[in-house]
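Asks: I have a structure here, written as structure tokens, and I will follow up with some questions on it.
The values are calculated or read from the model by the stated rules, or taken from the named source; none is laboratory data. It should be emphasised that the depicted structure is a prediction, and the values quoted were computed from it without experimental measurement. We place every Cβ from the backbone using ideal geometry, glycine too, and count neighbours over all the protein chains shown.
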């Protein structure tokens with residue numbers, strides 16, 4: 001049986017940066033079987049969070065050069081370098097996964113969902129209208145993949 005983690009990353013007081021946490025919390029309320037849901041403000045301890053899982057969905061805010069707020073990007077492990085350059089957290093997930101492997105830890109399949117954000121530069125609770133509108137779509141996409 002496949003063990004899955006949904007990891008929502010973000011900061012709840014930086015506006016759209018909270019999108020990963022919002023999506024994770026909505027999925028947590030779905031009572032999914034064999035699926036754990038966690039949230040994190042940073043990815044400092046990501047190896048310990050993801051170890052022991054077969055598959056991890058990472059949901060995070062992304063900001064690309066000409067991106068439109070609310071656009072959903074789906075990326076796999078082959079896109080990690082590209083993905084992390086655009087992350088508002090400046091995560092180098094690729095390096096973290098390689099480090100875990102060198103430590104002998106079996107790394108899971110990683111599926112990244114990034115939501116293009118607008119407001120992440122100032123303290124503000126709540127998502128912008130375009131990002132909020134993307135949340136149900138992303139929850140549904142992840143639910144479909146879990147089935």
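Asks: Tell me the residue from 40, 69 that is at pLDDT below 90 and touching a strand residue (DSSP E or B) at 6+ places or on another chain (Cβ under 6 Å), please.
Replies: 40
Asks: Report yes if residue 20 is modelled with pLDDT of 85 or more, under 24 Å from residue 136 (Cβ atoms) and in contact with a helix residue (DSSP H, G or I) (Cβ under 9 Å, 6 or more places away or on another chain), otherwise no.
Replies: no
Asks: Okay, next question. Are any residues in the stretch 117-147 in contact with a strand residue (DSSP E or B) (Cβ under 9 Å, 6 or more places away or on another chain) and more than 15 Å from residue 11 (Cα to Cα), and if so, which ones?
Replies: Across the stretch 117-147, the qualifying residues are 130, 134, 135, 137, 138, 141, 142, 145, 146.
Asks: I would also like to ask the following. Scan the stretch 73-103 residue by residue and report those that are buried (at least 18 other Cβ atoms within 10 Å of the Cβ) and modelled with pLDDT of 65 or more.
Replies: Hits for the stretch 73-103 are 75, 93, 96, 97, 100.
Asks: In addition: In the stretch 51-76, which residues are touching a helix residue (DSSP H, G or I) at 6+ places or on another chain (Cβ under 8 Å) and farther than 30 Å from residue 129 by Cβ?
Replies: 51
Asks: While we're looking at this one, here's another question. Scan the stretch 25-51 and report the pairs whose first residue is under 15 Å from residue 9 (Cα atoms) and whose second residue is modelled with pLDDT of 85 or more and in a loop (DSSP other than H, G, I, E, B), with Cβ atoms within less than 7 Å and a gap of 6+ or a chain change.
Replies: 41/11; 50/108
Asks: Report yes if some residue within the stretch 63-70 is buried (at least 18 other Cβ atoms within 10 Å of the Cβ) and on the phi > 0 side of the Ramachandran plot; otherwise report no.
Replies: Looking through the stretch 63-70, at least one residue is buried (at least 18 other Cβ atoms within 10 Å of the Cβ) and on the phi > 0 side of the Ramachandran plot.
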